[in-house]
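Each remark here refers to the structure printed beneath this line.
No value in this document is a laboratory result; all are computed from the given coordinates. Just so it is clear, the model here is predicted, and its values are computed rather than measured. We place every Cβ from the backbone using ideal geometry, glycine too, and count neighbours over all the protein chains shown.
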Amino acid sequence: MIPSILPTYNRAPLSFVKGEGAWLIEADGRRFLDLGAGIAVNAMGHAHPALVAALTEQAGKLWHTSNLYQIPAQQELADRLVEATFADTVFFTNSGTEACELAVKMARKFFYDAGQPERTDIIAFEGAFHGRSSAGIAAAGSEKMTKGFGPLLPGFKHVPWGDHDAFKAAIDDTTAAILIEPVQGEGGIRPLPDQCLKGLRDLCDERGILLILDEVQCGVGRTGRLFAHEWAGVAPDIMMVAKGIGGGFPLGAVLATERAAAGMGAGTHGSTYGGNPLGCAVGCAVMAHVATPEFLGEVNRKAGLMRQRLEGLVAAHPDVFTGVRGLGLMLGLECKAVNTDVVKAGYDALVATVPAADNVIRLLPPLTITDDEIAEAVTRLDAAATALKTA
Ligand SMILES: *Cc1c(COP(=O)(O)O)cnc(C)c1O
């Protein structure tokens with residue numbers, strides 16, 4: 001008999017009833033260190049007082065109005081994002097995959113308005129993840145995500161990750177944009193080298209196509225910069241954001257330059273809930289904390305500490321781990337053991353991690369994790385690796 005929840009997830013037998021900072025707590029009181037953070041969502045940890053205050057204060061005033069009216073919290077969050085990034089304008093969504101939908105629409109509209117309606121194709125990369133909507137799965141292109149769901153949204157091409165020549169060869173008169181994650185998340189925590197992102201930007205400029213970055217997982221302070229592309233010193237034309245921006249409240253956004261967004265006038269796109277007062281109040285609180293040099297400096301310092309400890313862990317357990325990869329607090333442990341077994345052993349040691357492709361486990365702690373919690377997390381991972389060896 002089909003379960004009452006559509007069984008699209010293989011769920012672990014854990015159910016958390018409370019969160020505090022980097023900790024998740026079960027009904028029986030067991031406390032887990034959370035190195036998943038809702039898959040890079042709880043950037044400020046669980047139940048952060050400033051986020052709780054922002055949400056409850058707004059909840060006592062007004063939950064929802066239509067985008068037919070001005071929404072002050074939405075205006076404030078848009079202004080904050082424009083101020084802090086390359087972008088001139090923002091559209092709010094409820095999720096990452098909705099941001100993908102608009103990014104694709106925006107790129108196509110740009111060329112339609114430019115008198116080049118044949119430019120509809122988006123070049124994306126193998127191993128990519130852009131969500132589960134029709135555009136999202138077509139953009140990812142993998143059999144795992146698309147099989148059985150055809151006909152797929154047309155107009156997507158795929159090239160191997162980081163293969164500049166293949167990418168160059170894939171551009172033709174039908175190309176509208178390239179879509180890439182600066183650090184692949186689901187794909188196994190694979191950072192794109194700075195010179196590759198610079199090369200992509202140059203190529204887009206040369207060929208007159210748009211650069212769309214998917215910073216749904218790697219954005220909002222995760223890599224130690226507000227957005228990961230800042231490390232390479234280049235800017236996209238369009239950027240997808242979600243996950244961390246809402247700190248756990250469903251919120252996403254598409255950020256764009258004035259030029260890329262010029263065709264998106266009244267009536268071209270919409271969302272009932274996108275940019276609602278609750279989500280935007282929380283988003284403002286997240287931005288007020290994360291978009292400061294002090295906070296980002298701390299992320300970088302803690303990332304260095306965590307990486308150093310993880311290198312020690314890998315050295316101590318060469319039969320379980322083979323290396324560390326990633327950027328900032330978006331880290332991956334390359335496994336020799338089966339990654340899902342390592343995640344399970346972690347649960348027994350009361351530490352939550354997330355599997356990814358390439359036999360990697362992802363470590364995406366709340367950006368607010370403390371030094372002591374990092375040390376404790378690595379101690380628990382060490383216990384998990386020891387248990388796995390003796391099992
Ligand atoms: C999670 C994710 C998405 C999809 O976001 P949803 O909110 O689940 O729709 C898109 N792109 C990347 C890189 C992601 O990590």
Across the range 115-127, in residue order, what do the Karplus-derived ³J(HN,Hα) couplings come to in whole Hz, using 6.51 cos²θ - 1.76 cosθ + 1.60 with θ = phi - 60° and x for Gly and Pro? x, 10, x, 6, 7, 10, 7, 10, 9, 10, 10, 4, x
Under a 5 Å amide H to amide H cut-off, with H placed in plane at 1.01 Å, what residues pair with Phe156 once short-range neighbours are removed? Ile122
Using θ = phi - 60° and the Karplus form 6.51 cos²θ - 1.76 cosθ + 1.60, what ³J(HN,Hα) does each residue of the range 62-79 get, whole Hz, x for Gly and Pro? 6, 7, 8, 9, 6, 5, 5, 10, 5, 10, x, 5, 5, 4, 5, 5, 4, 4
Can you list the residues, at least 5 places off or on another chain, whose amide H is less than 5 Å from the amide H of Asp88, using H built in the peptide plane? Ala256, Thr257, Glu258
Hey, what angle do you get for helix 277-290 against the long axis of the chain, alpha-carbon based, 0 to 90 degrees rounded to 10? 70 degrees
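Provide, as a two-decimal number, the C-alpha radius of gyration of the range 70-110 over 2.2 N^0.38 Å, N being how many residues it has.
Output field value: 1.26.
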Counted neighbours (other Cβ, 10 Å), sorted fewest up, put Tyr69, Tyr347 in the order Tyr69, Tyr347
Scoring the range 50-290 by relative contact order with C-alpha pairs under 8 Å, at least six apart, yields a percentage of 31 percent
Measuring from label point to label point, each 7 Å out along Cα→Cβ, what is the Lys389 to Thr268 span in nm? 5.9 nm
Gaussian network model of the chain, Cα springs within a sub-10 Å range: biggest mean-square fluctuation belongs to which of Leu331, Leu55, Leu211? Leu55
Report, as a whole number in µm² per second, the diffusion coefficient that Stokes-Einstein gives for the range 166-280 at 25 °C and 0.890 mPa s using the Kirkwood radius over alpha carbon pairs. 160 µm²/s
Can you tell me the 0 to 90 degree angle between the C-alpha axis of helix 49-59 and the longest principal axis of the chain, rounded to 10? 50 degrees
For a quick check: sort Arg309, Arg190 by the number of other beta carbons within 10 angstrom, fewest at the front. Arg309, Arg190
GNM top mover of Leu68, Leu327, Leu203 - the chain, alpha-carbon springs below 10 Å: Leu68
Hey, what D do you get for the range 50-290 in µm²/s if you plug the Kirkwood alpha-carbon radius into Stokes-Einstein at 20 °C and 1.002 mPa s? 119 µm²/s
From the phi of every residue in the range 183-190, what ³J(HN,Hα) in whole Hz does the Karplus formula 6.51 cos²θ - 1.76 cosθ + 1.60 yield, where θ is phi - 60° and glycine or proline is x? 10, 5, x, 4, x, x, 6, 10
Near the amide H of Trp161, under 5 Å away, which other amide H atoms are found, from residues 5 or more places off or on another chain, if H is placed in the peptide plane? Glu126
Computed over the chain: longest principal axis from alpha-carbon atoms vs helix 371-390 long axis, angle to nearest 10 degrees, is 70 degrees
Filter on Lys144/Lys302; Lys109/Lys144; Lys105/Lys243; Lys198/Lys243 - keep pairs with C-alpha separation over 28 Å: Lys144/Lys302; Lys109/Lys144
